[in-house]
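The values are calculated or read from the model by the stated rules, or taken from the named source; none is laboratory data. All values derive from a computational prediction rather than experimental measurement. Cβ placement follows ideal geometry from the backbone for every residue including glycine, while neighbour counts extend to all protein chains displayed. Please note that ligands, DNA and RNA were not included when accessible areas were found on the heavy atoms of the full protein model with its side chains. Shrake-Rupley method; radii C 1.70, N 1.55, O 1.52, S 1.80 Å.
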Amino acid sequence: MSKEQILEAIKVMTVLELNDLVKAIEEEFGVTAAAPVAAGGAAVAVEAEQSEFDVILNSAGASKINVIKVVREITGLGLKEAKDLVDNAPKAIKEKVAKEEAEAVAAKLTEAGASVEVK
């Protein structure tokens, strides 16, 4: 029997007949139709363990000058560019960096008085 013949036979089956067929295949071959669901759950778990993070400056807080200095140090931007970035918060300071680097950048900015978020 070819694949096409099998597919044609499946197309004319009712839902109950298809359910019985699935159960029979599971019993015959010792497999379960739920395996793809488990694989999907594993994909979600892997996705939750992201490897790249963005550091977002939410606000400069009360120490705007100190935050601008830290932003210049972190990004290598000039004074005007760093000031514009801080003035236009919320903005990404660093994008797609390792977790350790993102935490270090966030710590520096928080220490300078900024409100920061790591995504």
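Accessible area per residue for the chain, computed on protein heavy atoms with a 1.4 Å probe, is 72 Å². Toward the positive end of the charge dipole of the chain, with +1 on the Cβ of Lys and Arg and -1 on the Cβ of Asp and Glu, the farthest Cα among M1, Q50, L85 is that of L85.
Less than 5 angstrom separates the built amide H of K94 from those of V55, all sequence-distant by 5 or more or on a different chain. A cut-off of 5 Å between modelled amide H atoms, ignoring neighbours fewer than 5 places along the same chain, links S59 with S115.
How many angstrom lie between the Cα centre of segment 71-95 and the Cα centre of segment 104-119? Spelled out, the Cα-based centre of one part sits 13 Å from the other.
Applying the Karplus relation 6.51 cos²θ - 1.76 cosθ + 1.60 with θ = phi - 60° to segment 111-118 yields 3J(HN,Hα) values of 4, 7, x, 8, 9, 10, 9, 10 Hz, where x marks Gly and Pro. Once neighbouring chains are kept in place and the probe is 1.4 Å, which whole percent of the accessible area of the chain is contributed by carbon and sulfur? Using a 1.4 Å probe with all protein chains present, the chain comes out at 57 percent carbon and sulfur.
Counted residue by residue at 0.36 nm each, then reduced by the alpha carbon distance between them, the extension gain from V15 to I65 reaches 11.2 nm.
Within the straight-line cut-off of under 18 Å between alpha carbons, the lysines reachable from K119 are K91, K94, K96, K99, K108, sequence neighbours fewer than 8 places apart in one chain being disregarded. With helices as the sole contributors, the chain gives -19000 deg cm²/dmol at 222 nm; each DSSP H run of n ≥ 4 counts as -39500 (n - 2.57), and the sum is divided by every residue. Per-residue SASA remark: D54, around 50 Å² accessible (1.4 Å probe; ligands, DNA and RNA not included). Semi-axis lengths, largest first, of the ellipsoid equivalent to the chain are 58, 14, 12 Å, with √(5λ) applied to each eigenvalue of the Cα gyration tensor.
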